[in-house]
Amino acid sequence: MRIVVFTGHVDLEAQPSWQVIARTREVEAVLICRQLPSSWSGASRRFWRNVKKHGLLWIPYRLGVAALHLVARLIGSRERNPARLAARFPVERFETSSFRADDTISRVTNWKPDLGISLGAPILKPSLFTIPVHGTLNIHEGAVPEFRGAPPGFWELVSGSGEIGATAHWVDEGLDTGRVVAALRAKIYPKDTLRDVQARAAELGQRVLALALTRVAAGEAVGVAQDHGGTTNRQPVLSQRLALALRLAARRARRRFRLRELAKTGAQLFSLWMYCPARDLVRTLTASHPLRAFNFHRVTHLCRDGMTVSPDVLRRQATYLCRTHDVISLKEALVLIREGRRLRRPAALLTFDDGYRSVYEHARPLFGELGIAGCCFLSTDLVGTDRRLPHDEDNPVRSMLEVMTWPEVHTLVADGWSMGSHSATHARLSECRGEVLRHEVEGSRQTLFEQFGLHELTMAYPYGGRGDISQEARDAIRAAGYAACFSDVFGEVALPHDPLDLDRIELGGDHDSLSWKVAAHGINLARFRG
């Protein structure tokens, strides 16, 4: 397919949606058609229209937003450059002052696109969106017909909706009224902020774009007409934005100012500011710092629970661990565990259970940027299949919690990551006997050997509690020749240590910033949960 992308993004190729297009095998060439920002006179007219709409409060508001954007750009330019995926097809770029201009219509017509895609573009006119042979898709970060218009997430929170959606629909002369090609929805959680909901909508948007491209390429994208009715929303005025912000802030305050939460916060601050510095000074002087094996599962905005960390939070966690620990590989960790080396600085091993594809999509580029590598424990019978993990049975976005393919796993290994066993089918080993147990332990090890030719393999047993593994299973793991076995029981690894009885610290989950920072220093405040 030849695709024309209509956009207002300054750098479309740094956007996650571009990565979706770049990974689509059926794409042959792309024309990026970008509308330039308004001229000074046009921006001035729009500014005064907003003052009339929102009141004089708009002036300090815009100045504040501009200042924040400037600071964010300065910080961002020092911290990182957006991840980019090189396209395997030719890309042409065309900038225009207006999508309605004759030269724009002529340029797109002469390029002869098969499909148009609107990504962050202003409203398109029929003279432009009808040029592509198949038509033009719009990726709307909202469910239709209930939440047409903008902005994503805002009106869902205002109305008390329990869901956020994303929709790929054909562009017509209405606003988000075209036939639906693909649509997905996810839950809105009580603790969600507007930013959380918008990030979830954006991730859903990437998924519906991928689905829509697949269906167009297969000739299955006629689409389904939207139900009658619905609501078309406009940008909220400042008073509405303020009202929602105050409502969400009050909700957070009610949750935080309970007695248990105050006690928890006090314990966390004492741990971080007083106990940990004193303890770590002694450990540094005596060269007795431990190894800490940190555990994660999936990396996504789609849900929030004890097994899920958002990509933004993972970035903060990994950056923090790099600052406070020596982040090492699994191979280096095994040497420390066996030899019991004396450490004047704590060591960190970063592990991921289950083999979710989100680890490949989000953790891999982040770790590459930070110059570190992780370790994945795979349920080997699930890799490369459409099966889902058993503990996700009741998750509302279960269908979107895919496991990696073997080529993706091999890419991680090529990047320096380690692989280990998480059993064959993610079975609870305390409930397995005989041939079933042998398959879970030895079958998984054999699969990993066949894939990577590794003789020294490690295991993290599923579910990870003390009661989730039997003595028979421990004996089977030892007999199979595993070099190490990890639980998911909270604990530091003192050096030296029995490699077949290693604790970890569950860092990746729906934890607030103070909670995961305390855990990163090996402090368990689980008594304050609830």
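The values are calculated or read from the model by the stated rules, or taken from the named source; none is laboratory data. These numbers were taken from a predicted model, which means no experiment stands behind them. Cβ: placed from backbone, ideal geometry, glycine included. Neighbour counts: every protein chain shown. We work out accessible area using only protein heavy atoms, side chains counted, and drop any ligands, DNA or RNA first. Shrake-Rupley method; radii C 1.70, N 1.55, O 1.52, S 1.80 Å.
Computed across the range 386-464, the Kirkwood hydrodynamic radius from all distinct Cα-Cα pairs reaches 13.9 Å.
In this structure residue 379 has an accessible area near 0 Å², from a 1.4 Å probe over the protein heavy atoms.
Calculate the dipole size of the chain relative to its Cα centre from +1 charges on Lys and Arg beta carbons and -1 charges on Asp and Glu beta carbons; express the result in debye to the nearest 20. Spell out each step's value before the answer.
On the way: 70 positive and 58 negative charges, 525 e Å.
The calculation lands at about 2520 debye.
With helices as the sole contributors, the chain gives -11500 deg cm²/dmol at 222 nm; each DSSP H run of n ≥ 4 counts as -39500 (n - 2.57), and the sum is divided by every residue. About its Cα centre, the dipole of the range 375-530 is roughly 280 debye, where the only charges are +1 on Lys and Arg Cβ and -1 on Asp and Glu Cβ. A simple count of charges around residue 501, restricted to other residues whose Cβ falls under 11 Å of its Cβ and scoring Lys, Arg +1 and Asp, Glu -1, yields +1.
The length gained by stretching the chain between residue 498 and residue 385 to full extension, at 0.36 nm per residue less their Cα-Cα distance, is 37.2 nm. Rounded to the nearest angstrom and listed largest first, the equivalent-ellipsoid semi-axes of the range 234-304 from its Cα gyration tensor are 39, 20, 12. Amide hydrogen proximity for residue 308: with H placed 1.01 Å from N in the peptide plane, the residues at 5 or more positions away or on another chain lying under 5 Å are 510.
Using the crude model of +1 on Lys and Arg Cβ and -1 on Asp and Glu Cβ, and no other charge, please compute the dipole size for the range 168-281 relative to its Cα centre, in debye to 20. Could the numbers behind the result be given before it?
Numbers: 20 positive and 10 negative charges, 199 e Å.
Computed charge dipole of the range 168-281: roughly 960 debye.
Based on the Cβ-Cβ distance from residue 433 to residue 341, what FRET efficiency comes out when R0 is 35 Å, to the nearest 0.05? Working shown, then result.
Values: r = 39 Å, r/R0 = 1.11.
With R0 = 35 Å, the Cβ-Cβ based efficiency is 0.35.
Residues in the range 479-484 carry Karplus couplings, in order, of 5, 6, x, 5, 7, 7 Hz; the curve used is 6.51 cos²θ - 1.76 cosθ + 1.60 with θ = phi - 60°, and Gly or Pro positions show x. When the Cα atoms of the range 134-256 are aligned to their principal axes, the ranges along those axes come out at 52, 25, 20 Å in descending order.
Excluding ligands, DNA and RNA, the accessible surface per residue across the range 108-240 is 43 Å² with a 1.4 Å probe.
Size check on the range 156-222: the Cα extents along the three principal axes, sorted descending, read 41, 24, 15 Å. When the Cα positions of 487, 175, 60 are compared along the charge dipole of the chain, 60 comes out farthest toward the positive end, with charges on each C-beta of Lys, Arg, Asp and Glu.
Take residue 285: with every protein chain present and a 1.4 Å probe, its accessible area is about 130 Å². Loop-located chymotrypsin sites (Phe, Trp or Tyr not before Pro) in the range 213-294 (DSSP state other than H, G, I, E, B) with a sparse environment of at most 12 neighbouring Cβ atoms within 10 Å: 257. Taking 203, 339 and ordering them by how much accessible surface each has at a 1.4 Å probe, largest first, produces 339, 203.
For the range 420-506, the alpha-carbon radius of gyration amounts to 1.02 times the rule-of-thumb value 2.2 N^0.38 Å expected for a compact globular protein. Residues in the range 333-408 average 40 Å² of solvent-accessible surface per residue, probe 1.4 Å, ligands and nucleic acids excluded. Peptides 303-310, 101-108 ranked from most to least packed, by the mean per-residue count of other Cβ atoms within 10 Å: 303-310, 101-108. Reported value for the range 458-508: 78 Å³ per residue, from the convex hull of its C-alpha atoms. May I ask you to derive the FRET efficiency for residue 240 and residue 10 from their Cβ-Cβ distance with R0 = 25 Å, giving the value to the nearest 0.05? My answer for the efficiency is 0.35.
Quick one: what do you get for the range 357-412 if you divide its Cα Rg by 2.2 N^0.38 Å? Don't skip to the end; give the middle numbers.
Details: Rg = 12.3 Å, N = 56, 2.2 N^0.38 = 10.2 Å.
My calculation over the Cα atoms of the range 357-412 gives 1.21.
Potential lengthening of the chain between residue 259 and residue 331 amounts to 21.5 nm, from the contour at 0.36 nm per residue minus the alpha-carbon distance. I want to verify the translational diffusion coefficient of the chain in µm²/s; compute it with Stokes-Einstein, Rh as the Kirkwood radius over Cα pairs, at 10 °C and 1.306 mPa s. My calculation gives 62 µm²/s for D.
What is the ratio of the Cα radius of gyration of the range 186-255 to 2.2 N^0.38 Å, with N the residue count, to two decimals?
Numbers: Rg = 17.3 Å, N = 70, 2.2 N^0.38 = 11.1 Å.
Cα-based Rg divided by the globular estimate yields 1.56.
Taking the alpha carbon gyration tensor of the range 325-419, multiplying each eigenvalue by 5 and rooting it gives semi-axes of 28, 14, 12 Å, largest first.
Given all pairs of different Cα atoms, what value in angstroms does the Kirkwood hydrodynamic radius of the range 95-173 take? Could you put the intermediate results ahead of the total?
Values: mean 1/r = 0.0718 Å⁻¹.
This gives a value of 13.9 Å.
At 0.36 nm per residue, minus the direct Cα-Cα distance, what do residue 26 and residue 88 gain on full extension? Give it in nm, one decimal, please.
Working: separation 62, 0.36 × 62 = 22.32 nm, distance 1.10 nm.
Gain on extension, residue 26 to residue 88, equals 21.2 nm.
Toward the positive end of the charge dipole of the chain, with +1 on the Cβ of Lys and Arg and -1 on the Cβ of Asp and Glu, the farthest Cα among 374, 165, 190 is that of 190.
Leaving out ligands, DNA and RNA, and with a 1.4 Å probe, what % of the accessible surface on the range 218-351 is carbon or sulfur? The partial results should precede the final answer.
On the way: 4220 of 7190 Å².
For the range 218-351, the apolar C and S fraction of the accessible surface comes to 59 percent.
Ratio of Rg to Rh for the range 253-356: 1.04 [Cα atoms; Kirkwood radius as inverse mean 1/r over pairs].
For the set 52, 517, 191, 112, solvent exposure ranked by accessible area (probe 1.4 Å, protein chains only) runs largest to smallest as 52, 112, 191, 517.
Here is the tail figure for the range 371-530: Cα pairs spaced more than 25 Å apart come to 36 percent of all pairs. Between amide H atoms placed 1.01 Å from N, distances below 5 Å from residue 149 occur with 233, all of them 5 or more places distant or on a separate chain.
For the listed residue pairs 187/331; 187/264; 125/191, the alpha carbons are over 31 angstrom apart in 187/331; 125/191.
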